[in-house]
Structure formats: structure tokens, C-alpha cells
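Participant: Below you'll find the structure I mean.
Every read-out reported here was derived from the displayed coordinates using simple, explicitly stated rules and does not represent laboratory data. Quantities reported herein were computed from a predicted structural model and do not represent experimental measurements. Methodologically, a virtual Cβ is constructed for each residue, glycine included, from the backbone with ideal geometry; neighbour enumeration extends over all protein chains shown.
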């Protein structure tokens, strides 16, 4: 059996270990985001990232939406210089055009918790080891305070 037939056979048997349907959907969303950005000429208005992010948050399940709404408010209050945008179909916040932090809803990849993460643009450095992603199952006042401090620190550099 040649390699193509073998790959097809294993795919039909569901033993293929490639991208999940959710991962493929996220990549497709990212491709659409990139295409939309290149299609906009200098004459057309730039998309309103705030509106896009709030629209995506409104589509989320109740548990993810509650966390995302609070997270959005915390980020906007603590780092108004960050630009909201969609990134792989998820709410994200960019500094100088580069995604600094993002919210991955639990439903996005069918995980048991949502994730608030930072990319390498964030200046969270603490020696030679520091966390860059946090699991969230609910938002408490203590979490809000911690996230606010992390966001402030992440843009300080």
C-alpha cells in the first residue's frame, strides 16, 4: 500500500493524529483574519477591533462569556494602549501590532478550562522561569486583581 492510501486508511479508522476539527477551524479563522487585513486598502476603514472582539465574546457560551467580558474590562482598564483584535478567532490584545495577550475560551478546543495567555512580547520575565498562561474556570475579585497586575507588568517593558 502506498503512503497516500495508508494515510487515508488510517484517517478512516480515526487513528490519524493530525489537527483536530477545532484546530483546523482556528487556523481557518486566522487565515480569514489575515486575508481581511490585506484586502483593506488605504481607502477603506480599518476594522474596529473592539467591536470584533466584543462580537466574538457575545457568541461564547455563558461560562466563557462571563470570564471574557471581565477579562476584556480588566485589560482595557489596566492597559488602554493595547489594541483589541481577533487572533485565531479568539479575543486578543496587541502592542505595536503584535499580540501580547489572549483569551482562549474552554469551548474553543473543548477543554475543561479557559486560558488567559501571554506571548513573548509581554515583559513578564522573572529570572529564568515564569508562567505565560493561566487556567480560568471562574473570575473572582482576587483573580481580577492578579490579572490587572500581570497586564500592567506585561506592557511596562
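Table: residues versus (1) surrounded by 14 or more Cβ atoms within 10 Å (Cβ to Cβ); (2) at negative phi; (3) assigned to a helix (DSSP H, G or I).
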{"site": "72", "(1), (2), (3)": "yes, yes, yes"}
{"site": "75", "(1), (2), (3)": "yes, yes, yes"}
{"site": "93", "(1), (2), (3)": "yes, yes, no"}
{"site": "101", "(1), (2), (3)": "yes, yes, no"}
{"site": "112", "(1), (2), (3)": "no, yes, no"}
{"site": "117", "(1), (2), (3)": "yes, yes, no"}
{"site": "125", "(1), (2), (3)": "no, yes, no"}
{"site": "147", "(1), (2), (3)": "yes, yes, yes"}
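Residues are listed down the side, and each one gets a yes or a no for (1) under 22 Å from residue 20 (Cβ atoms); (2) out of contact with any helix residue (DSSP H, G or I) (no Cβ under 9 Å at 6 or more places or on another chain); (3) crowded, with 18+ Cβ neighbours inside 10 Å:
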residue	(1), (2), (3)
79	no, no, yes
98	no, yes, no
108	yes, no, yes
129	no, yes, no
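Participant: Please specify each residue of the range 131-145 satisfying the condition of being in contact with a strand residue (DSSP E or B) (Cβ under 8 Å, 6 or more places away or on another chain), farther than 18 Å from residue 82 by Cβ and surrounded by fewer than 15 Cβ atoms within 10 Å (Cβ to Cβ).
Facilitator: Restricting attention to the range 131-145, the residues satisfying the condition of being in contact with a strand residue (DSSP E or B) (Cβ under 8 Å, 6 or more places away or on another chain) are 132-137, 143.
From what's left, farther than 18 Å from residue 82 by Cβ: 135-137, 143.
Scanning the range 131-145 gives 135, 137.
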